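Worksheet for the structure shown next.
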Amino acid sequence: MSAITEEAVDSASIAAASTKRKSLWLVAIRNPNVIIGGVILLTMLLIAILAPFLGTVDPQRIDPAARNKKPGTEITYRLDDGTTMKRVAIMGTDSLGRDVYSRVLYGARVSLAVGVAVSVISVAIGMVIGLVSGYIRWADGIIMRIMDGLMAIPGILLAIALVSIWRAGLITVVFAIVVPDVPRVVRLVRSIVLTVREEPYVEGAISVGTPTWILMFRHILPNTVAPLIVQGTFLAAAAILTEAALSFLGIGIPPEIPSWGNIMAEGRTLFRVFPHNILYPGIFLALTVLAINIMGDGLRDTLDPKMSKKV
Amino acid sequence: MSTETKQPVLEVRNLSVALPKGGDRVHAVEKVSFTVNPGEIVCLVGESGSGKSVIAFTVMGLLAKALKPTSGEILLQGENILTASEDRLRELRCTRMSMIFQEPMTALNPVMTCGEQIDEVLSTHTQLDAATRKAKIIAILDRVKLPEPERIYASYPHQLSGGQRQRIMIAMALVLDPVLLIADEPTTALDVTTQAEILKLVAELQAGQGTGVLFITHDFGVVAEIAHRVAVLRWGELVEMGPTEQILSRPVQGYTKMLISSVPSITPVHRGVRRDGTTVLRTEKLGKTYTGSSFFQKARVVKAAVDVDLDIRRGETLGIVGESGSGKSTVARCIARLIDPTEGKVYLGDTEIATMSAGKLRPHRRRVQIVFQDPYRSMNPRITVGDFIIEGPMNFGLSRDEAMARARKLMETVRLDPNALDRFPHQFSGGQRQRICIARALAMEPELLIADEAVSALDVSVQKQVLELLDEIRVRLNLAVLFITHDLRVAAQICDYVAVMSKGRVVEYGSAEQVFGSPKAEYTKALFAAAPGRHWEFGKFAA
């Protein structure tokens with residue numbers, strides 16, 4: 001008799017429990033914020049990759065005859081073999097006669113590279129340190145005090161120091177931004193690890209003798225992935241802005257290499273007369289950062305369990 | 001009760017509430033009708049998902065937006081609440097109907113004093129001046145039997161105990177003398193002795209004021225203690241309704257019979273104590289002290305467990321019962337070495353493990369396995385049930401195929417389909433998950449199985465199955481079981497020996513019959529006296 005009731009109870013509770021859990025990723029890519037941000041970002045990425053095929057000329061080519069032309073001016077180019085070519089400079093030229101349109105498009109490469117590199121590197125380093133700090137209690141105090149110290153270093157000052165030691169370049173810039181970002185990731189991962197390690201399933205794994213490293217990577221680490229992706233997007237957006245600021249200050253990417261910050265720095269002196277030098281790279285910069293932030297917001301709404309609890 | 005002459009306080013007619021699309025059923029509540037008369041306590045009883053809380057929230061007009069009442073009416077003294085405007089509902093709440101909730105900590109605002117929170121109710125709904133309001137609040141605090149009402153008035157919720165907070169909630173609910181009080185599992189989060197006091201208080205207050213009470217619970221002990229009439233719910237439908245005595249002793253419907261039969265009796269079963277097994281576990285003066293270390297303050301010392309001596313032999317179940325904070329879980333976790341004991345010894349067979357280093361301990365981990373309380377958090381949601389069960393054996397050198405073969409056999413042992421091994425935890429119900437956790441523990445072939453409140457989160461019918469399974473496994477594998485519970489009824493049914501813990505110490509230790517039959521310690525006596533429905537022997541009905 002009890003077997004029958006057991007069946008009945010079982011089938012009821014299965015019905016209650018087996019409502020299908022949708023994959024978070026499927027939900028995420030349907031979120032309008034993720035779609036909007038993603039589309040803009042993808043466009044930027046395509047622009048960066050396809051820059052040579054989008055009607056650009058050499059972005060570093062100086063042309064004294066075509067200095068400070070307003071957008072839409074037709075310019076005659078003298079090519080290396082002596083022939084001439086006419087083209088419309090749709091975003092004008094800068095004070096050295098370089099084509100702003102070409103520079104802005106090529107500049108996307110630097111910005112996106114910095115964004116991706118900084119977020120990937122700081123998340124990777126921060127994840128490992130955070131995991132160790134959160135799980136191995138005796139290491140926690142030491143690691144976190146070092147992280148507090150790192151966080152106290154302003155990125156821009158660090159960049160100035162690094163440029164004076166090494167030389168200006170992409171790697172220096174990425175390094176200078178990564179150092180103060182790592183502690184932010186560490187804090188996030190550590191806080192997640194601290195809550196997850198108290199979960200009964202982690203204690204259960206300890207009691208069946210699971211070695212510590214398997215415990216960390218199999219049972220604890222997967223919980224950090226979604227928040228880290230969200231954090232990664234915000235780090236990327238901030239890194240792109242910092243890179244532009246550093247280049248604008250002349251301590252980032254060398255001035256001959258086009259980056260949005262460099263273009264704006266170059267256009268600063270003649271901003272009142274020729275605002276296009278700052279306007280166009282500025283629009284691209286703002287649009288990219290906005291797109292990343294919108295996407296990050298959308299991802300947080302869908303991936304972060306604390307946010308997704310809302311009905 | 002002269003119910004004929006009086007208008008019912010609450011009349012629910014043919015109420016249906018639709019669930020959002022994609023739910024497990026169409027309606028959260030379907031065609032439910034019942035009444036609550038003045039001065040009457042009506043218990044809505046049912047297992048999780050039966051829709052009892054949905055009814056309470058619908059009556060209060062606090063239903064989540066995703067849920068929509070589709071038909072029927074709810075009449076509060078003849079006024080239909082379902083068609084009332086939001087403003088009208090706000091007027092009615094607290095003045096004519098009030099609600100108290102399960103978790104008194106989260107139901108109170110932590111940054112306001114208790115007095116201010118009750119005052120908010122008064123200043124919203126009345127025109128009284130500040131001095132009158134304060135006098136009224138002090139009076140109601142006195143009425144809910146809170147000591148030193150003046151002090152309580154100025155206290156923040158965190159400064160009060162759980163029982164006191166629930167009294168504040170009751171005071172807030174009753175300060176304007178509503179005709180209807182809805183109590184949604186108000187004692188579930190409380191200890192048994194506190195629960196008894198709160199139940200007594202609710203009964204006294206409603207008798208004095210003639211308030212109608214809609215009391216929601218899953219606990220038949222509470223029903224027997226407090227209800228005048230009972231409505232049994234299942235999957236949103238009303239199964240059976242009638243006077244308490246009739247429902248509890250002469251239920252008509254099969255489901256009600258099954259539910260009531262599942263309630264464990266508080267009289268221990270005679271199991272024939274035999275003390276011939278080898279000792280599996282022995283603790284000697286086991287203790288755990290937490291010290292809050294601080295540079296600037298005097299170290300705060302909390303003795304979670306003091307001088308605990310226990311022993312368990314093969315084939316025996318030892319229960320540790322006690323209220324929250326009594327140290328029962330601390331003892332279990334010390335024995336499983338999930339935390340390190342600070343004093344005393346733990347002998348596993350002949351091996352002393354209390355002070356063993358983590359590296360040396362690993363081979364002994366296999367011998368003690370633990371099943372936790374919360375079936376939803378004790379499984380990693382990202383790995384399949386199969387991988388979950390074989391994790392332990394593979395840690396100890398079994399190949400994947402061997403471990404899987406063992407897992408299949410164990411799934412049969414715990415009466416689950418072995419083909420379900422490649423499914424994920426969310427595809428199972430709470431009771432099934434708990435059985436999977438038992439299977440995982442058994443996969444390690446332990447000598448001692450610790451069940452730490454392993455059935456406390458389960459509905460009573462599922463609880464019964466899991467208890468039967470545990471007992472069957474104990475007999476079949478001649479296991480030693482350490483059973484931690486706060487539920488005296490469960491302890492009475494499954495334990496050979498019982499240790500009663502209070503404030504970190506074992507206050508009484510003996511065979512179940514002895515402890516339940518003739519308790520010696522004052523604390524044990526108080527604990528038993530507080531058990532809800534202790535005078536009621538729940539019948540066993542053939543379903």
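Within the stretch A:81-91, is even one residue assigned to a loop (DSSP other than H, G, I, E, B), in contact (Cβ under 8 Å) with a residue 60 or more places away in the chain and among the aliphatic types (A, V, I, L, M)? Yes, there is a match, as at least one residue in the stretch A:81-91 is assigned to a loop (DSSP other than H, G, I, E, B), in contact (Cβ under 8 Å) with a residue 60 or more places away in the chain and among the aliphatic types (A, V, I, L, M).
Determine, yes or no, whether A:V132 is buried (at least 17 other Cβ atoms within 10 Å of the Cβ), farther than 29 Å from A:F284 by Cα and without any contact (Cβ under 8 Å) to a residue 60 or more places away in the chain.
Yes.
Note on the stretch B:256-299: residues that are modelled with pLDDT of 75 or more and either within 14 Å of chain A (Cβ to nearest Cβ) or at negative phi (or both) amount to 28.
In this entry, A:R197 passes the filter for residues that are under 30 Å from the mean Cα position of the chain (by Cα), more than 30 Å from A:A159 (Cα to Cα) and of a type in the set (K, R).
In the stretch A:190-210, the qualifying residues are those that are more than 7 Å from every other protein chain (Cβ to nearest Cβ) and not polar (S, T, N, Q), and the one that is surrounded by the fewest Cβ atoms within 10 Å (Cβ to Cβ) is A:E198. So B:S50 fits all but one of (1) farther than 30 Å from B:D177 by Cβ; (2) more than 14 Å from chain A (Cβ to nearest Cβ); (3) among the polar types (S, T, N, Q); what number is the exception? All conditions pass for B:S50, except number (2). Contact map, the stretch B:342-368: first residue under 19 Å from B:I312 (Cβ atoms) and in the same structural domain as B:A332 (by TED's automatic domain parsing), second residue part of a strand (DSSP E or B) and among the acidic types (D, E), Cβ cut-off under 7 Å, separation 6 or more or different chains; pairs are B:G344/B:E284; B:K345/B:E284; B:K345/B:E352; B:V346/B:E352. Of all residue pairs spaced 6 or more apart or on separate chains, those with beta-carbon atoms under 7 Å, a first member in the stretch B:130-145 that is within 13 Å of B:E120 (Cα to Cα) and a second member that is surrounded by fewer than 16 Cβ atoms within 10 Å (Cβ to Cβ) and hydroxyl-bearing (S, T, Y) are B:R133/B:S123.
With out of contact with any His (no Cβ under 9 Å at 6 or more places or on another chain), at pLDDT 90 or above and either within 14 Å of chain A (Cβ to nearest Cβ) or within 23 Å of B:I226 (Cβ to Cβ) (or both) as the only criterion, which of B:T3, B:T35 stands out?
That would be B:T35, the only listed residue that is out of contact with any His (no Cβ under 9 Å at 6 or more places or on another chain), at pLDDT 90 or above and either within 14 Å of chain A (Cβ to nearest Cβ) or within 23 Å of B:I226 (Cβ to Cβ) (or both).
Scanning the stretch B:454-486 for residues that are touching a Gly at 6+ places or on another chain (Cβ under 8 Å), in a helix (DSSP H, G or I) and more than 26 Å from B:A189 (Cα to Cα) yields a count of 2. Looking across the stretch B:437-452, the residues that are within 19 Å of B:K328 (Cβ to Cβ) and either away from chain A (no Cβ under 11 Å) or in a strand (DSSP E or B) (or both) come down to B:L448, B:L449, B:I450, B:A451, B:D452.
Among the residues of the stretch A:258-271, is any more than 14 Å from chain B (Cβ to nearest Cβ), outside any helix (DSSP H, G or I) and under 21 Å from the mean Cα position of the chain (by Cα)? Scanning the stretch A:258-271, I find at least one residue that is more than 14 Å from chain B (Cβ to nearest Cβ), outside any helix (DSSP H, G or I) and under 21 Å from the mean Cα position of the chain (by Cα), so the answer is yes. Please enumerate the residues belonging to the stretch B:165-196 that are among the acidic types (D, E) and in a strand (DSSP E or B). B:D184 - this is the single residue of the stretch B:165-196 that is among the acidic types (D, E) and in a strand (DSSP E or B). If you go through the stretch B:401-410 one residue at a time, do you hit one that is more than 11 Å from every other protein chain (Cβ to nearest Cβ) and at pLDDT below 90? Taking every residue of the stretch B:401-410 in turn, none turns out to be more than 11 Å from every other protein chain (Cβ to nearest Cβ) and at pLDDT below 90. Filtering the stretch A:79-93 to residues that are surrounded by fewer than 23 Cβ atoms within 10 Å (Cβ to Cβ) and either of a type outside the set (A, V, I, L, M) or farther than 16 Å from A:I263 by Cα (or both) leaves A:L79, A:D80, A:D81, A:G82, A:T83, A:T84, A:M85, A:K86, A:R87, A:V88. Is it the case, given these coordinates, that A:V118 is surrounded by 21 or more Cβ atoms within 10 Å (Cβ to Cβ), in contact with a Pro (Cβ under 9 Å, 6 or more places away or on another chain) and in a helix (DSSP H, G or I)? Criteria not met by A:V118. Screening the stretch A:136-209 for helices (runs of 4 or more DSSP H) wholly inside it with 3 or more residues that are within 17 Å of A:I220 (Cα to Cα) returns the ranges A:170-196, A:200-207.
Looking only at the stretch B:497-525, residues that are under 14 Å from B:G322 (Cβ atoms) and buried (at least 16 other Cβ atoms within 10 Å of the Cβ) come to 15 in all.
Checked across the stretch B:466-483, the condition of being surrounded by 19 or more Cβ atoms within 10 Å (Cβ to Cβ), in contact with a Ser or Thr (Cβ under 7 Å, 6 or more places away or on another chain) and aromatic (F, W, Y) holds for at least one residue. Taking the stretch B:147-158 as the range and being out of contact with any Cys (no Cβ under 9 Å at 6 or more places or on another chain) and either without any contact (Cβ under 8 Å) to a residue 40 or more places away in the chain or under 16 Å from B:L122 (Cβ atoms) (or both) as the test, the residues that pass are B:P147, B:E148, B:P149, B:E150, B:R151.
Consider A:S164 carefully, then state whether it is away from chain B (no Cβ under 14 Å) and touching a residue at least 60 places away in the same chain (Cβ under 8 Å). So A:S164 fails the test. You will find that of B:T317, B:T330, B:T355, the residue that is out of contact with any helix residue (DSSP H, G or I) (no Cβ under 7 Å at 6 or more places or on another chain) and either surrounded by 15 or more Cβ atoms within 10 Å (Cβ to Cβ) or at pLDDT 90 or above (or both) is B:T330 and no other.
Can you tell me which residue in the stretch B:411-427 is farthest from the other protein chains (Cβ to nearest Cβ), limited to those that are in contact with a Leu (Cβ under 8 Å, 6 or more places away or on another chain) and closer than 19 Å to B:S378 by Cα? Per the stated criteria, the residue is B:M411. The set of residues in the stretch A:35-54 that are in a loop (DSSP other than H, G, I, E, B) and either basic (K, R) or touching a residue at least 24 places away in the same chain (Cβ under 8 Å) (or both) contains only A:L54. Of the residues contained in the stretch B:91-106, none is found to be without any contact (Cβ under 8 Å) to a residue 12 or more places away in the chain, charged (D, E, K, R) and within 22 Å of B:V175 (Cβ to Cβ). Please go through the stretch B:240-255 and pick out each residue that is within 13 Å of another protein chain (Cβ to nearest Cβ) and touching a helix residue (DSSP H, G or I) at 6+ places or on another chain (Cβ under 7 Å). Scanning the stretch B:240-255 gives no hits.
The values are calculated or read from the model by the stated rules, or taken from the named source; none is laboratory data. What you see is a predicted model; the values in this text were computed from it and never measured. Methodologically, a virtual Cβ is constructed for each residue, glycine included, from the backbone with ideal geometry; neighbour enumeration extends over all protein chains shown.
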